[in-house]
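Notes to accompany the following structure.
The values are calculated or read from the model by the stated rules, or taken from the named source; none is laboratory data. Only a predicted model underlies this, so the values are computations on that prediction, with no experimental measurement involved. Cβ: placed from backbone, ideal geometry, glycine included. Neighbour counts: every protein chain shown.
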Amino acid sequence: MIKFDLHAHTTFCDGKNTPEEMILSAIDKGVETMGLLLHSYLSFYPTGSCKSLEHEQAFVKEMATLKVKYADKIKVLCGIEMEYFSPHEPKNFDYVIGSVHFFKVDGKYYAIDHSPKIFDESVKEAFNGDYLAAAEDYYKNVADVVRATNADIIGHFDLITKFNENNIRFDTSHPRYVKAATDAIDALIPYNKPFEINTGAISRGYRLEPYPSKKLVDYIKSKGGKLIMSSDSHHKDNIGFKFDEWSFLAE
């Protein structure tokens, strides 16, 4: 039985299923607590984020109705995934996952996880093709994500490796990368917020292991950090994806 999955998205942002469809699937899977998230509003990236602040409150209202409707079968939580660069403060959410999905260089935003092609183009334009410089910039913002978003959970810590399976673009054992990542962990540990072990890139076929990598999980544990499982599901079939295989990392 899956006790909880606190990271899943719906048709209110970039998910494939309605909130009710996600909840019904969670019930079928025996999930005890299901958290559904809305991506925070981003005026510079309306495609994958909340479309407007009015849309945000429509999501909150829908979730309030579903909480009551399915209260005898499952605990439903209404969350928001706050982007580091999101300018507003969310209201009426049960919890916040803080994430970094963009680089910001010279006032321009570049998507990190939209597609391999866009990622490569972003690094080429913003960092002259230096993937390690991109990683250093990324982790500088990740280190600050709890302060900036008031997060309860730290989202997909090493998202920058989404399109880097087998180190195809950069070497995650390089001293520059290791220092950037571990410095970010060191900065986040004092907040005492859990890092999510996120299986979303596995379900999408980009990675063979969750975020963060096992090496980074081991470092988080060595510093006394907390970890929880999350699926980052955008489809009802992927709720609790491979939790049975990877939950040992959170122990």
Quiz item: Under the condition of being polar (S, T, N, Q) and within 18 Å of the chain's Cα centre (by Cα), which residue from the range 78-125 is modelled with the lowest pLDDT?
Solution: Ser86
Practice problem: Just need a number here: residues in the range 219-251 that are of a type in the set (D, E, K, R), in contact (Cβ under 8 Å) with a residue 40 or more places away in the chain and either loosely packed, with under 15 Cβ neighbours inside 10 Å or not in a loop (DSSP other than H, G, I, E, B) (or both). | Solution: 2
Quiz item: Restricting attention to the range 139-167, which residues are assigned to a helix (DSSP H, G or I), touching a Leu at 6+ places or on another chain (Cβ under 8 Å) and either crowded, with 24+ Cβ neighbours inside 10 Å or of a type in the set (A, V, I, L, M, F, W, C) (or both)?
Solution: Val142, Val145, Val146
Quiz item: Yes or no: Tyr45 farther than 21 Å from Asp5 by Cα, assigned to a strand (DSSP E or B) and not β-branched (Val, Ile, Thr)?
Solution: no
Quiz item: Looking at the range 61-125, what strands (runs of 3 or more DSSP E) fall wholly within it and have at least 3 residues that are surrounded by 21 or more Cβ atoms within 10 Å (Cβ to Cβ)?
Solution: 75-83, 95-99
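Conditions tested, residue by residue: (1) in contact (Cβ under 8 Å) with a residue 12 or more places away in the chain; (2) hydrophobic (A, V, I, L, M, F, W, C).
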residue	(1), (2)
Lys3	yes, no
Leu24	yes, yes
Thr33	yes, no
Leu53	yes, yes
Val60	yes, yes
Lys67	no, no
Self-check item: Neighbours by Cβ (under 7 Å, 6+ apart or cross-chain): first from the range 73-98, farther than 17 Å from Glu20 by Cα; second basic (Lys, Arg) and modelled with pLDDT of 95 or more
Solution: Phe85/Lys104
Quiz item: Is it true that Leu216 is in a helix (DSSP H, G or I), farther than 19 Å from Ile112 by Cα and touching a Pro at 6+ places or on another chain (Cβ under 8 Å)?
Solution: no
